[in-house]
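Undergrad: Quick one: the structure is below, and I'll ask about it shortly.
The values are calculated or read from the model by the stated rules, or taken from the named source; none is laboratory data. Keep in mind that this is a model prediction, so the values were computed, not measured. Reconstructed Cβ throughout: ideal geometry from the backbone, glycine too, with neighbour counts over all protein chains shown. The protein model used for the area step is the full one, side chains on, heavy atoms only, and it has no ligands, DNA or RNA in it. Shrake-Rupley method; radii C 1.70, N 1.55, O 1.52, S 1.80 Å.
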Amino acid sequence: MLSLDTFKTVIKSSPLVSIDLIVRNEQGQVLLGKRTNRPAQGFWFVVGGRVLKDESLEHAFKRLIKVELGLDEVASSFNGVYQHFYKDNFSEDKFSTHYIVLAYEIIFNGKLSSLPLEQHSNYEWFEEKELIANENVHTHSKWYFQKDKRADFVFK
């Protein structure tokens, strides 16, 4: 575990790698949570989290579906690579945050009342068109439904 000052230095100096989960129900609606922490505080956002140092992507995915949704196993499909740039960070200090995000789509049929309230104060199901039009849904969450926002392009 890094000290707070060391973690701030890492965020100031380099991008973080994270996994975002595009969670759908059987009706095709998308699960969003109301963020309690920065960055993206106060916005509706998909669930997910950082990949930890020395943690394989497979382990990070399994940890995040357990912590965020209470699931042990789930089928997934890879949605793409995205870059998220924020003007703020988790602290009160003035510096930006940069994420390289691996997005995966999964199905979840659990109860919203069972989801944790540490990162999100509330959860709701959204139709894609509704979330794209909603000004309270963060831009980066909207990108998962806008094909031109993916960062996994071919270099020429």
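Undergrad: Report every pair of residues separated by at least 6 positions or lying on different chains whose Cβ atoms are under 6 Å apart, first residue within the range 57-76 and part of a loop (DSSP other than H, G, I, E, B), second of a type outside the set (K, R) and surrounded by 15 or more Cβ atoms within 10 Å (Cβ to Cβ).
TA: Qualifying pairs under 6 Å: L71/I65; V74/I65; V74/I106.
Undergrad: If you scan the range 105-146, which residues turn out to be farther than 20 Å from D72 by Cβ and in a strand (DSSP E or B)?
TA: If the condition is that a residue be farther than 20 Å from D72 by Cβ and in a strand (DSSP E or B), then H120, S121, N122, E124, W125, F126, V137 are the ones that fit.
Undergrad: Which residue out of I11, I19 is of a type in the set (V, I, T), in contact (Cβ under 8 Å) with a residue 24 or more places away in the chain, part of a strand (DSSP E or B) and in contact with a strand residue (DSSP E or B) (Cβ under 9 Å, 6 or more places away or on another chain)?
TA: After ruling out the rest, the residue left standing is I19.
Undergrad: Does the range 85-104 include one or more residues that are without any contact (Cβ under 8 Å) to a residue 60 or more places away in the chain and outside any loop (DSSP other than H, G, I, E, B)?
TA: The answer is yes; a qualifying residue exists.
Undergrad: Which is among the polar types (S, T, N, Q) and open to solvent by 50 Å² or more (accessible area, probe 1.4 Å), of S76, S14, S18, S91?
TA: Values: S14 fails: open to solvent by 50 Å² or more (accessible area, probe 1.4 Å); S18 fails: open to solvent by 50 Å² or more (accessible area, probe 1.4 Å); S91 fails: open to solvent by 50 Å² or more (accessible area, probe 1.4 Å).
Only one candidate qualifies: S76.
Undergrad: What number of residues within the range 94-116 satisfy the criterion of being within 14 Å of the chain's Cα centre (by Cα), open to solvent by less than 40 Å² (accessible area, probe 1.4 Å) and over 15 Å from V46 (Cβ atoms)?
TA: 1
To keep it simple, each residue is scored yes or no on (1) under 18 Å from G110 (Cα atoms); (2) open to solvent by less than 40 Å² (accessible area, probe 1.4 Å).
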position	(1), (2)
M1	no, no
I22	yes, yes
Q27	yes, no
Q41	no, no
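Undergrad: Pull out all pairs, ordered by first then second residue, where Cβ-Cβ is under 8 Å, the residues are six or more apart or on different chains, the first lies in the range 24-39 and is of a type in the set (V, I, T), and the second is part of a loop (DSSP other than H, G, I, E, B).
TA: V30/V46; V30/E127; T36/L117; T36/E118; T36/Q119
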